[in-house]
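A.B. asks: Attaching a single structure in C-alpha cells format; questions to follow.
Only the coordinates and a few stated rules stand behind these numbers; no lab work does. These numbers were taken from a predicted model, which means no experiment stands behind them. Cβ sites come from the backbone with ideal geometry, for glycine too, and all protein chains shown count toward neighbours.
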Amino acid sequence: MDTMGKNLIGLPPMPHPTRIVVLISGGGTTLQNLIDRIAAGSLSAEIVAVISSRADAFGLTRASRAGIPVQVIPPGAEFSERVFAAIRSHAPDLVILAGWLKLLRIPPDFEQRVLNIHPSLLPAFGGQGMYGRRVHEAVLASGASSSGCTVHYADNSYDTGPILLQQSVPVLPGDTPETLAERVFAAECELYPAAIHRWAADQSPTASPAESPASRC
C-alpha cells in the first residue's frame, strides 16, 4: 500500500492553519519534523502546545526552542482525563501522537481527532510493546520484503484505529534495524504532514460524506 505520492493531489488549500497539540514521550524527532515543515510553509498548521508524559523528554527542549508552550503530565490516577483536560485548555482542532508511549482513553469529543503514526504497515507488526527498534527487528526476522509506516486514528487500544494513510518502503539485503528505521523515518517525515493536511481537508464543507477515514488507503 502506497499513498504518499498522491495524498496531496486535488486537496484544497486550508482556509486557516490546523491547531495542533502534540503529545510526546521522548526525543521529539517527529515533533521537530512538524516544527520544520510549519516554519518552511509546507504544512498549514500551528502547534499550540506540546504535552509530555516524561519530564526528561528532549522533545520539551525542542518545543521550548520553537516558542511552543509545554506541559508535563506524569502517568498516574485518571491519566487520560488529566491529559485531555490539558488538551482542551488549548482548544486544538487535532491531537498528534508523536512518540507517545502511553495508552489513552479517547473521550467522545476527540473521536477521530487524535492521530498516531506507527513504523510499520499496520495491522502487521503492531500492538502493545511494538514500537521503535522492536518493530524493525520483527520485520527483519519475518523475512518481509517491505515495511513502511501508517497514520491512523487513535482509539482505545494499541494500533487498531482506522487507517488514514500508509507508505511502504523496501527492505533491502543486509538491512539492520538501524538502516531500516532510517528509511522508515524518512517516509514518516513525509506521511505525517500529508495526513494532517488530509484530515484538515476532510473537515472542510466540500469533503464528501460518503468517504470513510480508511477509504483512501
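A.B. asks: Could you tell me what a quarter of the Cα convex hull surface of the chain works out to, in nm² with one decimal place?
C.D. replies: Projected over every direction and averaged, the Cα hull of the chain covers 11.8 nm².
A.B. asks: Still on this structure, please answer the following. What would the Debye formula give as log10 I(q)/I(0) at q = 0.19, 0.26 Å⁻¹ for the alpha-carbon point model of the stretch 92-136, no solvent?
C.D. replies: Scattering profile of the stretch 92-136, log10 relative to I(0): -0.67, -1.04.
A.B. asks: Looking at VAL171, HIS136, SER157, which one has the Cα that reaches farthest to the positive end of the dipole of the stretch 82-180 (charges on Cβ: Lys, Arg +1; Asp, Glu -1)?
C.D. replies: With unit charges placed on the Cβ atoms, the residue in question is SER157.
A.B. asks: Turning to a different aspect of this structure: So which residue, out of ALA187, ALA63, ALA77, gets the largest mean-square fluctuation from a GNM of the chain using Cα contacts under 10 Å as springs?
C.D. replies: ALA77
A.B. asks: Top mean-square fluctuation among ALA144, ALA194, ALA49, Gaussian network model of the chain, C-alpha springs under 10 Å?
C.D. replies: ALA144
A.B. asks: Please identify the GluC sites (Glu not before Pro) of the stretch 54-113 that satisfy two criteria: DSSP loop assignment and at most 16 other Cβ atoms within 10 Å. Which are they?
C.D. replies: Loop-located and lightly packed - GLU78, GLU111.
A.B. asks: Anyone know which of SER64, SER89, SER42 comes out most mobile in the 10 Å Cα GNM of the chain?
C.D. replies: SER89
A.B. asks: Still on this model: Restricting the count to DSSP beta bridges whose residues both fall in the chain, what percent are antiparallel, rounded to a multiple of 5?
C.D. replies: In the chain, DSSP labels about 40 percent of beta bridges as antiparallel.
A.B. asks: For the chain, what is the mean residue ellipticity at 222 nm derived from helices alone (per DSSP H run of n ≥ 4: -39500 (n - 2.57); sum divided by total residues; nearest 500 deg cm²/dmol)?
C.D. replies: -9500 deg cm²/dmol
A.B. asks: For the stretch 179-186, what does the Karplus curve 6.51 cos²θ - 1.76 cosθ + 1.60, with θ = phi - 60°, yield as ³J(HN,Hα) per residue in whole Hz, taken in order and with x for Gly and Pro?
C.D. replies: 5, 5, 4, 4, 5, 5, 5, 4
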